[in-house]
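Reading through the structure tokens given below for one structure.
The values are calculated or read from the model by the stated rules, or taken from the named source; none is laboratory data. Note that this is a predicted model, so its numbers are computed, not measured. Don't worry about glycine lacking a Cβ; one is built from the backbone with ideal geometry, like all the others, and counts go over all protein chains shown.
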Amino acid sequence: MKKVILAYSGGLDTSCAVQWLKDKGHEVICFIADLGQGEDFERIEKRGLSGGASKVYIKDLRKEFADDFIFPALKAHAIYEGKYLLATALGRPLIAKYLVEVAHKEKASAIAHGCTGKGNDQVRFEVTAQILDSKLEIIAPVRVWEFKSREEEIEYALKKKIPIDVTKKKPYSLDKNLWGVSIESGVLENPWTEPPKDCYQWTNSPEEAPGKPVYLEIELEKGIPKKINGKSYGVLELIDKLCNLGSIHGIGRSDMIENRLVGIKSREIYEAPAGTILYTAHKELEALVLDRELAHYKAGISLKYAELIYYGLWYSKLRRALDKFIEKTQETVSGVVRLKLYKGNCTVVGRKSPYSLYQEKLATYSKGDIFDQKLSEGFIRIFGMPFSRP
Ligand code: ARG
């Protein structure tokens, strides 16, 4: 008999996993992470206990998620394949870190999760656990159990009296946290099908969004968002406020075919209203304060950083090392960005910073110009020299 710490959500898969692990003779302790998915945690806890778990841990990880995962990704401009702000991918290593921690506290020898064998999340959980404690055994019931369909799972749940919601099949598979929602399966599996209105969880469609734009000012300090319209907010409040405002204006939707780590392409819909607003603000401020070489170099780092998050390599040495680089670039990323939200678009309309490298007297085409245009002739001659024939 092993003691197993299971990443538990209260859904069909993990509820069946509790019983399945018990059938195999194990003691099961459930771990529930609050990453801002907005669930009824007390209800899930009760369900875990009545489903046979010997103990249920619920941990509010929202602040740590924002400070130590979301904001580093924001500062790095980590976006996978140009469209995905990585909400789900960022949450997994954090959950895994606590699975390992609880395993140590409970002297458990194994951890378990409810991921399938086709997705990225199994990789993220397991690689993280491997990095943090390679001795822990990992059990992935869904990958190995005998049920071939959802119906067989429900049948098993009913037979074993596992508490589940036997409503009719949910049309989509969802993963939510405070940074975004990931939506897949059902009719979305046909990449030619336009996402039905009902698949979106948070955002208004641009058509339904208000006909009048809203303006807002985001103030950042060393790359971290601190104020909205001059008012300070705590991290969670700030993200929540932007999530609501962005949702009203239809901000942050994406429809994507992505390359999964396990080699297949999949279609996913994402909503990341707060993330989209904050990435826009952050990028616009960087454009003002980073010099050209640093800005161009950092864009390459962003691609790698996003890939590492997507691949579950959050705790790799490379990600940590890149983080030191990113941190250094943020020293002057302080200032205010003015944005306009209107029918699905988040556009910049103004920016200012005490560290601005923009010099109007050099850029202007009006009076007051101090740019010495005569110098350009020699500059261009020498700049073009390597490319001209003798
Ligand atoms: N494709 C995304 C990723 O790998 C999200 C995975 C979970 N999606 C879901 N709808 N349950 O990060």
State all residues of the range 62-78 that are farther than 13 Å from residue 180 by Cα and within 16 Å of the ligand (Cβ to nearest atom); if no residue qualifies, say none.
69, 73, 78
Pull up the range 150-199, narrow it to residues that are within 16 Å of the ligand (Cβ to nearest atom), more than 19 Å from the chain's Cα centre (by Cα) and in a helix (DSSP H, G or I), then point me to the one that is surrounded by the most Cβ atoms within 10 Å (Cβ to Cβ).
188
Mind checking which pairs have a first residue in the range 39-57 that is closer than 15 Å to residue 14 by Cα and at pLDDT 95 or above and a second that is surrounded by 15 or more Cβ atoms within 10 Å (Cβ to Cβ) and aromatic (Phe, Trp, Tyr), Cβ under 7 Å, 6 or more apart or different chains?
48/8; 57/31
Answer yes if at least one residue in the range 34-47 is surrounded by 20 or more Cβ atoms within 10 Å (Cβ to Cβ), within 16 Å of the ligand (Cβ to nearest atom) and either of a type outside the set (D, E, K, R) or within 23 Å of the chain's Cα centre (by Cα) (or both), and no otherwise.
yes
When residue 216 is evaluated against the numbered criteria (1) hydrophobic (A, V, I, L, M, F, W, C); (2) within 28 Å of residue 13 (Cβ to Cβ); (3) modelled with pLDDT of 95 or more, which criterion, by number, is the only one it fails?
(2)
Tell me, please, whether a residue that is loosely packed, with under 15 Cβ neighbours inside 10 Å, touching a residue at least 24 places away in the same chain (Cβ under 8 Å) and either within 16 Å of the ligand (Cβ to nearest atom) or among the aliphatic types (A, V, I, L, M) (or both) can be found in the range 261-284.
yes
Go over the candidates 383, 371 one by one and state the one that is more than 30 Å from residue 305 (Cα to Cα) and surrounded by 12 or more Cβ atoms within 10 Å (Cβ to Cβ).
371
From the list 311, 315, which residue is on the phi < 0 side of the Ramachandran plot, within 16 Å of the ligand (Cβ to nearest atom) and within 16 Å of the chain's Cα centre (by Cα)?
311
Which members of the range 286-305 meet the condition of being over 25 Å from the mean Cα position of the chain (by Cα) and more than 21 Å from residue 336 (Cα to Cα)?
293
Which of the residues spanning the range 225-255 are crowded, with 20+ Cβ neighbours inside 10 Å and farther than 13 Å from residue 271 by Cβ?
225, 238, 239
Which pairs do you get when a residue that is modelled with pLDDT under 95, found in the range 138-163, comes within reach of a residue that is small (Gly, Ala, Ser), reach meaning Cβ atoms under 6 angstrom, with the pair 6+ apart or on two chains?
162/15; 162/51; 163/50; 163/51
Output for the range 90-132, where each listed residue is in contact with a helix residue (DSSP H, G or I) (Cβ under 6 Å, 6 or more places away or on another chain), away from the ligand (no atom under 12 Å from the Cβ), small (Gly, Ala, Ser) and not in a helix (DSSP H, G or I):
117
Before we move on, is residue 171 without any contact (Cβ under 8 Å) to a residue 60 or more places away in the chain and of a type outside the set (D, E, K, R)?
yes
Quick check on the range 274-288. Is at least one of its residues more than 29 Å from residue 188 (Cα to Cα) and out of contact with any strand residue (DSSP E or B) (no Cβ under 8 Å at 6 or more places or on another chain)?
yes
Are any residues in the range 45-81 part of a strand (DSSP E or B) and of a type in the set (Phe, Trp, Tyr), and if so, which ones?
57, 80
